[in-house]
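Accompanying notes for the structure given below.
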Amino acid sequence: MISENDVKYAAALARIHLEDDEASRLTKDLEKILDYINKLNTLDVKDVQPTSHVLPLKNVYREDRIRPSLTQKEVLKISVEQQEGSFKVPKVIE
Amino acid sequence: MELNRQTAHELLDLLKNKKTTPEAILDSVHKQIQKSDKDVKAYVRLNQNKVDPKTANSRSVPIPIGIKDNMCILDEETTCSSRILKGFKAPYDATVIEKLKKSGAILIGNTNMDEFAMGSSTENSCYGATHNPWKLDCVPGGSSGGSAAAVAASEAIWAIGSDTGGSIRQPASFCGVVGLKPTYGRVSRYGLIAFASSLDQIGPITKDVTDSALLLNVIAGYDERDSTSVNAPVPDYRQALKNNVKGLKIGIPKEYFVQGLHPEVKNAVMAAIEALKNKGATFKKVSLPHTEYGIATYYITATSEASSNLARYDGVQYGIRELPKKTRKSPLLDMYDETRHVGFGAEVKRRIMLGTYSLSSGYYDAYYLKGLKVRTLIKNDFDKLFSEFDALIGPTSPTTAFKIGDKVNDPLSMYLSDIYTVSANLSGIPAISVPCGFSKERLPIGLQIMAKPFAEEMLFRIAYTYEQNTDWHKQSVNL
């Protein structure tokens with residue numbers, strides 16, 4: 001059973017601020033969804049290999065060659081705030 | 001003749017015989033958008049396209065196309081119908097967009113979707129809901145609901161969607177058009193804004209099967225910029241359009257015909273099977289025993305992957321940035337928390353939370369790992385059947401389009417409308433939805449055909465044969 005504290009903890013991990021009413025609504029929603037998901041517990045999967053991906057791929061490497069890429073200027077066009085060729089964020093260290 | 005009501009292959013014939021021009025086609029589509037999109041709301045923004053008559057003739061496929069709002073188009077806004085990406089203009093083209101541009105396609109605009117492709121109704125959009133052209137108080141399905149509605153309303157000749165758990169096929173079914181989810185790895189996802197990377201796949205939404213094959217010809221192929229794209233030869237899919245299913249062995253999964261399937265949908269699908277039987281295909285009842293675990297498995301995998309993929313929307317680089325009025329933790333942490341609080345809608349938050357929870361310490365084995373193991377069982381079910389059968393057939397969705405607002409407050413019942421579609425994503429196989437009838441309320445019904453990996457040609461052959469012997473695809477809405 002998921003508690004409101006679990007939800008608040010997950011929200012902190014996910015870096016989402018939740019208002020109190022949001023947290024309690026989410027707790028109810030997630031409780032219902034997890035209750036449904038718990039039907040997987042009726043299956044015995046002890047000896048089953050997990051599938052995280054359907055293709056038999058391991059590491060995919062590309063040839064190491066220089067090719068055209070976006071310039072700093074082109075990339076920074078999308079920035080919320082920039083300064084001296086960098087993305088600017090609020091103060092990190094007081 | 002209203003050009004916008006024609007299929008792409010019909011228009012290409014007209015162009016070849018100089019009976020029309022790319023300008024005239026584009027004009028007819030724009031007129032339709034002006035006339036009906038205030039009611040359908042398929043588009044979230046339109047591009048100001050001008051066809052250059054000098055280059056038009058050398059273009060191979062100068063056909064107006066709608067693009068789901070989760071594919072990057074150079075210097076155009078792309079938002080995934082989310083507030084958090086408002087104002088984001090991609091600095092590059094997605095591979096699919098690059099291929100379309102090269103083919104001469106005219107990108108008319110971005111189509112509405114459930115925020116970050118999370119939903120089955122196109123109601124979870126920061127731009128508001130899209131309406132089903134067949135019945136405006138119903139949903140078009142989702143998450144590619146804008147693309148499906150645009151094609152159904154003849155506001156686009158064809159469109160591109162993406163499918164993570166049914167997001168091309170279910171809206172195609174609800175809107176009476178053809179929707180294909182290709183094999184995982186068939187179409188490059190470079191520049192597709194990721195939702196669940198082990199499941200996402202881009203595909204065509206079209207008025208008929210021929211157009212589906214034509215559009216797949218344009219977008220399929222290996223791309224080294226997408227490490228999950230598969231380096232397998234791309235056949236000319238038009239060659240697969242044969243009106244012949246003689247001798248094909250098709251399985252009917254009994255788990256797709258259980259309680260919850262609407263009788264009208266069941267009858268239409270059974271009639272479709274009968275029609276294919278008359279053309280010489282043989283059918284046998286089969287079993288996909290883990291079908292009932294599909295939705296649970298899907299929601300664990302998809303949300304876990306999403307919680308990681310969506311971590312990048314934090315206000316640092318692009319999109320929006322929000323700060324709370326009062327400091328809570330520190331200026332930087334507050335920016336993350338508040339940007340995501342304001343920027344994400346309710347369903348996206350719900351899924352990020354579910355994914356974060358099932359990946360978190362103490363719950364990983366019980367949820368995420370268990371989900372991956374059941375995924376193996378689901379995939380094995382399909383592998384086993386495809387060693388004996390050419391294809392599997394059943395309904396795309398258990399019901400026809402539901403009313404707008406009916407399921408928004410009940411996430412679980414919304415999730416269950418994808419019960420027949422999620423398995424194809426979990427197994428990586430291709431699947432197509434084609435129109436196979438109407439309910440008494442005159443809402444379209446979709447038939448789903450599934451085949452083994454890279455057997456898109458088999459899907460086209462069966463779907464094409466069905467289409468040639470029925471006329472559901474010729475029925476259209478007049479808005």
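The values are calculated or read from the model by the stated rules, or taken from the named source; none is laboratory data. Nothing here was measured: the structure is a model prediction, and the numbers come from that model. Note that we place each Cβ from the backbone using ideal geometry, even for glycine, and neighbour counts take in every protein chain shown. With ligands, DNA and RNA removed, areas are computed over all heavy atoms of the protein, side chains included. Shrake-Rupley method; radii C 1.70, N 1.55, O 1.52, S 1.80 Å.
If eta is 1.306 mPa s and T is 10 °C, what Stokes-Einstein diffusion coefficient results for the stretch B:117-172, Kirkwood Rh from Cα pairs, in µm²/s? In µm²/s, the coefficient is 148.
Listed here are the pairs B:Lys242/B:Lys452; A:Lys28/B:Lys349; B:Lys38/B:Lys474; B:Lys254/B:Lys379; A:Lys8/A:Lys46; which of them are more than 22 Å apart at the Cα? Pairs exceeding 22 Å: B:Lys38/B:Lys474; A:Lys8/A:Lys46.
Over chain B, what is the percentage of antiparallel beta bridges among all DSSP beta bridges, to the nearest 5?
65
Using all pairs of distinct alpha-carbon atoms, the Kirkwood hydrodynamic radius of the stretch B:417-466 works out to 11.8 angstrom. Over the protein assembly as shown, accessible surface divided per residue gives 41 Å², non-protein components excluded, 1.4 Å probe. Remark: the stretch B:139-152, residue by residue, has Karplus-estimated 3J(HN,Hα) of 6, x, x, x, 8, 7, x, x, 5, 5, 5, 4, 5, 5 Hz, where x stands for each Gly or Pro and the curve is 6.51 cos²θ - 1.76 cosθ + 1.60 at θ = phi - 60°.
Local charge for B:His473 was computed over the other residues whose Cβ lies under 13 Å away, with Lys and Arg +1 and Asp and Glu -1, and equals -2. About the centre of its Cα atoms, the protein assembly as shown shows a dipole size close to 940 debye [charges on the beta carbon of Lys, Arg (+1) and Asp, Glu (-1) only; nearest 20 debye].
Can you quote the Å³ per residue value for the convex hull of the Cα atoms in the protein assembly as shown, rounded to an integer?
Numbers: hull volume 91.5 nm³, N = 573.
Value for the protein assembly as shown: 160 Å³ per residue.
Under the convention that each Lys and Arg Cβ holds +1 and each Asp and Glu Cβ holds -1, the size of the dipole of chain B around its Cα centre is about 240 debye. The value for the stretch B:133-256 of Rg(Cα) / (2.2 N^0.38 Å) is 1.11. From a point 7 Å beyond the Cα of B:Asn478 in the direction of its Cβ, which residues of the stretch B:23-40 have a backbone N at a distance under 16 Å? Residues B:32, B:36 fall inside that zone. Rg/Rh for the stretch A:1-43 stands at 1.06; both radii use Cα atoms, and Rh follows the Kirkwood definition.
Given +1 at the Cβ of Lys and Arg, -1 at the Cβ of Asp and Glu and no other charges, the dipole of the stretch B:292-372 around its Cα centre is 320 debye to the nearest 20. Each principal axis of chain B carries a Cα extent, and these read 69, 57, 45 Å when sorted largest first. Per q in 0.17, 0.26, 0.27 1/Å, what log10 I(q)/I(0) does a Debye calculation on the alpha-carbon atoms of the stretch B:292-372 return? Debye output, listed in q order: -0.72, -1.13, -1.18. Note on surface exposure: B:Trp472, B:Trp134 rank B:Trp472, B:Trp134 by accessible area, highest first, 1.4 Å probe. Here each label is just a point 7 Å from Cα along the line to Cβ, and for A:Gln49 and B:Ala346 those points are 4.3 nm apart.
Rounded to the nearest percent, how much of the accessible area of the stretch B:292-372 (1.4 Å probe, protein heavy atoms only) is carbon and sulfur? C and S atoms contribute 49 percent here. Each label was represented as a point 7 Å from its Cα along the Cα-to-Cβ direction; for B:His262 and A:Lys88 these points are 5.5 nm apart. Shape index of chain A: Rg/Rh, with Rg the Cα radius of gyration and Rh the Kirkwood radius from the inverse mean 1/r over Cα pairs, equals 1.16.
Of the residues B:Ser198, B:Ile273, B:Gly141, the one whose Cα sits farthest towards the positive end of the charge dipole of the protein assembly as shown is B:Ile273 (charges of +1 on Lys and Arg Cβ, -1 on Asp and Glu Cβ, taken about the Cα centre).
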